[in-house]
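The values are calculated or read from the model by the stated rules, or taken from the named source; none is laboratory data. What you are looking at is a predicted structure, and each value in this text was computed from that prediction instead of being measured. Here the Cβ positions follow ideal geometry from the backbone for every residue, glycine too, while neighbour counts run over all protein chains shown. We work out accessible area using only protein heavy atoms, side chains counted, and drop any ligands, DNA or RNA first. Shrake-Rupley method; radii C 1.70, N 1.55, O 1.52, S 1.80 Å.
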Amino acid sequence: MESLFIINSSGDVFLEKHWRSVISKGICDYFLERLKNSNDVVPIIPTSMNSTNLVSINRCGVYFVTVCKSEISPLFVIEFLHRVVDIFVDYFNECNETVIKENYVVIYELLDEMLDNGFPLATESNVLKELIKPPNVFRTIANSVTGKTNFSDTLPVGSLSAIPWRKSGVKYTNNEAYFDVIEEVDAIIDKSGSTIFAEISGEIQCLIKLSGMPDLSLSFVNPRILDDVSFHPCVRFKRWETERVLSFIPPDGGFRLMSYHVTSQSVPIPIYLRHNIHLKTGEQGRLDITVGPKTTLGRTLESVKLEILFPKSVVNCSLVTTQGKYVFDQNSKILNWDVGKIDVQKLPNIRGSVTVMAGTTIESMPSINVQFTISQLAVSGLKVNRLDMYGDVKYKPFKGVKYVTKAGKFQIRL
């Protein structure tokens, strides 16, 4: 990897970093030309320069574009770029244009350590935090007065060990291990309620605060349902292949242990819509939508939001809701209904009239994007069986597992 350019949604390059040689930001014109023609830019763009390609990702409304001159796996570069964004989020809590501009110095220091002459070097958050201290108000003021930087004076202990993701000598008064199983349902539902496409993508987020050098084993009740698994480097892959058990020495603090997909079974759809939408040119149309839970195993649907995309010929809406609030944007023709928590005894409903402009044609029927959250439920049926701890430890930690299901790209086409 030769260089990295960070570009905002307007197409302005507001940060560039070069590792091997200085490359003009004019090379980003290949990317910006694609961005001008389509918002959904392909991640790999060839250029007219010899063996030079651009590899990019879009996170937090910002484009990260790297220049590669030699033969390299594009997935390797994409994974590295995602790791860069994850580190920025870990340091600054978010990674938008404003945050990056406010922390230029620390970001350049991080990029210097993460890549050495174009090759990944230190990509673990724990190692980087020992090298470069996260910014805070007092440290920023002290550095501006003394002229010092956030660089540490000592080399991280973990960077020289066989397990660079964990530092040695970790001690806690309260030893705790928390696991969050977070699943997102991606689905396309037709107007009759039949599922056209459905998939579950999940991940296990951990927060480990354990003293010493613990060796953990996490087992599941039904691990065979998992497809396309991806692990943190700490996981012993051979044991997963043979026993379907996650065996690992964890990093200290928060990290993503694994991600997975579930596609081999019929995916349960946790929400349904009863809808009656009638649109006719020059007349008052009708809209009537009711939302309810479907496959939630008794759990409550929370944070429910509906985004209804009307055709351009719709002028206005006059609606009444039994729950929540709605807003209709006359420019984008989008109706947003914030439902909130669903009570099965009284299902939320929105109904009323829709004004369609006279003398126009209705290009397409509306589509509905749905958001929801279900606490204490993994809709795939994945369950943690037990967590065992080995190694040089003489304490019993507090262990906790939490399940959350969310809507990913969930759309109902009418």
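Determine, yes or no, whether residue 237 is over 17 Å from the mean Cα position of the chain (by Cα), at pLDDT 90 or above and either open to solvent by 40 Å² or more (accessible area, probe 1.4 Å) or at positive phi (or both).
The answer is yes for residue 237.
Tell me which of these residue 359 doesn't satisfy, since it passes every other one: (1) modelled with pLDDT under 90; (2) outside any loop (DSSP other than H, G, I, E, B).
(2)
Right, residue 347: open to solvent by less than 40 Å² (accessible area, probe 1.4 Å) and modelled with pLDDT of 90 or more or not?
Values: open to solvent by less than 40 Å² (accessible area, probe 1.4 Å): no; modelled with pLDDT of 90 or more: yes.
No: the conditions fail for residue 347.
Which of the residues belonging to region 2-19 are within 18 Å of residue 120 (Cβ to Cβ) and in contact with a Gly (Cβ under 8 Å, 6 or more places away or on another chain)?
2, 19
Of all residues in region 26-40 being in a helix (DSSP H, G or I) and not hydrophobic (A, V, I, L, M, F, W, C), which is most open to solvent (accessible area, probe 1.4 Å)? First the steps, then the outcome.
Pass one, region 26-40, residues in a helix (DSSP H, G or I): 26-37.
Pick out the ones that are also not hydrophobic (A, V, I, L, M, F, W, C) and you get 26, 29-30, 33-34, 36-37.
On the way: 26: 34, 29: 93, 30: 83, 33: 94, 34: 100, 36: 155, 37: 118 Å².
If we take residues in region 26-40 being in a helix (DSSP H, G or I) and not hydrophobic (A, V, I, L, M, F, W, C), then 36 is most open to solvent (accessible area, probe 1.4 Å).
Taking region 173-222 on its own, how many of its residues are without any contact (Cβ under 8 Å) to a residue 40 or more places away in the chain and aromatic (Phe, Trp, Tyr)?
Of the residues in region 173-222, 1 are without any contact (Cβ under 8 Å) to a residue 40 or more places away in the chain and aromatic (Phe, Trp, Tyr).
Does region 20-42 include one or more residues that are within 21 Å of residue 230 (Cβ to Cβ) and either in contact (Cβ under 8 Å) with a residue 24 or more places away in the chain or in contact with a helix residue (DSSP H, G or I) (Cβ under 6 Å, 6 or more places away or on another chain) (or both)?
Filtering region 20-42 down to residues within 21 Å of residue 230 (Cβ to Cβ) leaves none.
Among the residues of region 20-42, not one is within 21 Å of residue 230 (Cβ to Cβ) and either in contact (Cβ under 8 Å) with a residue 24 or more places away in the chain or in contact with a helix residue (DSSP H, G or I) (Cβ under 6 Å, 6 or more places away or on another chain) (or both), which makes the answer no.
Which members of region 286-317 meet the condition of being in a loop (DSSP other than H, G, I, E, B) and either open to solvent by less than 20 Å² (accessible area, probe 1.4 Å) or at negative phi (or both)? Even if it seems obvious, please write down each step before you answer.
The initial filter retains those residues of region 286-317 that are in a loop (DSSP other than H, G, I, E, B), namely 294-300, 310-313.
294, 295, 296, 299, 300, 310, 311, 312, 313 - these are the residues of region 286-317 that are in a loop (DSSP other than H, G, I, E, B) and either open to solvent by less than 20 Å² (accessible area, probe 1.4 Å) or at negative phi (or both).
Which members of region 43-61 meet the condition of being assigned to a strand (DSSP E or B), open to solvent by less than 10 Å² (accessible area, probe 1.4 Å) and β-branched (Val, Ile, Thr)?
Across region 43-61, the qualifying residues are 45, 55.
Looking at 14, 64, 5, which is the one that is open to solvent by 20 Å² or more (accessible area, probe 1.4 Å), outside any loop (DSSP other than H, G, I, E, B), aromatic (Phe, Trp, Tyr) and modelled with pLDDT of 90 or more? Show your work before the answer.
Numbers: 64 fails: open to solvent by 20 Å² or more (accessible area, probe 1.4 Å); 5 fails: open to solvent by 20 Å² or more (accessible area, probe 1.4 Å).
Going through 14, 64, 5 in turn, the sole match is 14.
Any chance region 335-349 includes a residue that's of a type in the set (S, T, N, Q) and in contact (Cβ under 8 Å) with a residue 40 or more places away in the chain?
Let us first name the residues in region 335-349 that are of a type in the set (S, T, N, Q), namely 336, 345, 349.
Then keep just the ones that are in contact (Cβ under 8 Å) with a residue 40 or more places away in the chain; that gives 349.
Checked region 335-349: at least one residue is of a type in the set (S, T, N, Q) and in contact (Cβ under 8 Å) with a residue 40 or more places away in the chain.
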